[in-house]
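Report on the structure given below.
The values are calculated or read from the model by the stated rules, or taken from the named source; none is laboratory data. Owing to the predicted nature of the structure, the values given are computational and were not obtained by experimental measurement. With ideal geometry, Cβ positions are generated from the backbone for all residues, glycine too; neighbour counts draw on all protein chains shown.
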Amino acid sequence: MKDKQAKYPQLRFKGFTDPWVQRKLGEVADIIGGGTPSTNVSEYWNGDIDWYSPVEIGNQIYIDESQKKITGLGLQKSSAHILPVGTVLFTSRAGIGNTAILAKEGCTNQGFQSIVPYKDLLNSYFIFSRTSELKHYGEINGAGSTFIEVSGKQMAKMPISVPSIEEQQKIGTFFKQLDDTITLHQRKLDLLKKQKKGFLQNMFV
């Protein structure tokens, strides 16, 4: 008989029967903030280290190049941290809850509380696929008088149910394939809209 306290999803892949375990996000990932080097010191800028701001997040699933870059010295002189490939960037202010997965290591400004999964406990695409839950939690638990912001400590307390890493990988792969298909069809749709616009402009007098 199944434990009533255990969590079992209604739909799951064949071969997985173990219950999902309730954890805190900070138990399966590091939550890392960012920082900004002084803009008055030219030696801190235009280097080769990607440095992301929240306005760059939201349109792509994977990102590998930022609009602005900093130098190694700029990194040392700020509270920014190098984040590894697979980190899920999470905007923590000025629009809480936009996410993207790092395809190349980089860092961020202070408008993030990025999620660095523990490889044996959390799959990057699995947690990325739960962006709506992350966003909802961040918005509810954010605070501030000038603008709402959620802290890294608060995000680390977020309760989350997780299955085995093998099941996470299976789920992550499934949703990645769906997202890839959606992206492909969106491109086709955009092309058709562009073609229609051209026809409308040229087929009437």
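Restricting attention to region 40-82, the residues that are aliphatic (A, V, I, L, M), closer than 21 Å to Ala94 by Cβ, touching a Phe, Trp or Tyr at 6+ places or on another chain (Cβ under 9 Å) and not in a loop (DSSP other than H, G, I, E, B) add up to 2. Screening region 147-181 for residues that are more than 28 Å from Arg93 (Cβ to Cβ) and among the hydrophobic types (A, V, I, L, M, F, W, C) and picking the one that is surrounded by the most Cβ atoms within 10 Å (Cβ to Cβ) gives Ile171. With respect to the conditions (1) in a loop (DSSP other than H, G, I, E, B); (2) in contact with a helix residue (DSSP H, G or I) (Cβ under 9 Å, 6 or more places away or on another chain); (3) over 25 Å from Ile96 (Cβ atoms), Pro37 lacks only one, and its number is (3).
Within the set Leu178, Leu134, Leu121, Leu184, the sole residue that is closer than 26 Å to Tyr8 by Cα, free of Cβ contacts under 8 Å to residues at least 24 places away in the same chain and of a type outside the set (S, T, N, Q) turns out to be Leu178.
May I ask you to list the residues in region 15-34 that are part of a loop (DSSP other than H, G, I, E, B) and β-branched (Val, Ile, Thr)? Hit for region 15-34 is Thr17, nothing else. Reported count of residues in region 30-39, each being crowded, with 20+ Cβ neighbours inside 10 Å and either in contact with a Phe, Trp or Tyr (Cβ under 6 Å, 6 or more places away or on another chain) or of a type in the set (Asp, Glu) (or both), is 2.
Take the conditions touching a helix residue (DSSP H, G or I) at 6+ places or on another chain (Cβ under 7 Å) and farther than 22 Å from Gly34 by Cα and apply them to Ile165. Does it pass?
Details: touching a helix residue (DSSP H, G or I) at 6+ places or on another chain (Cβ under 7 Å): no; farther than 22 Å from Gly34 by Cα: yes.
Answer is no for this residue.
Regarding region 51-60, can at least one residue be identified that is of a type in the set (Phe, Trp, Tyr), at pLDDT 95 or above and either in contact with a helix residue (DSSP H, G or I) (Cβ under 7 Å, 6 or more places away or on another chain) or surrounded by fewer than 22 Cβ atoms within 10 Å (Cβ to Cβ) (or both)? No, because not a single residue in region 51-60 is of a type in the set (Phe, Trp, Tyr), at pLDDT 95 or above and either in contact with a helix residue (DSSP H, G or I) (Cβ under 7 Å, 6 or more places away or on another chain) or surrounded by fewer than 22 Cβ atoms within 10 Å (Cβ to Cβ) (or both). Selection over region 85-106 of residues that are more than 13 Å from the chain's Cα centre (by Cα) and under 15 Å from Ile49 (Cα atoms) gives a count of 3. Within the option set Thr91, Thr108, being buried (at least 23 other Cβ atoms within 10 Å of the Cβ) and free of Cβ contacts under 8 Å to residues at least 40 places away in the same chain holds for one residue only, Thr91.
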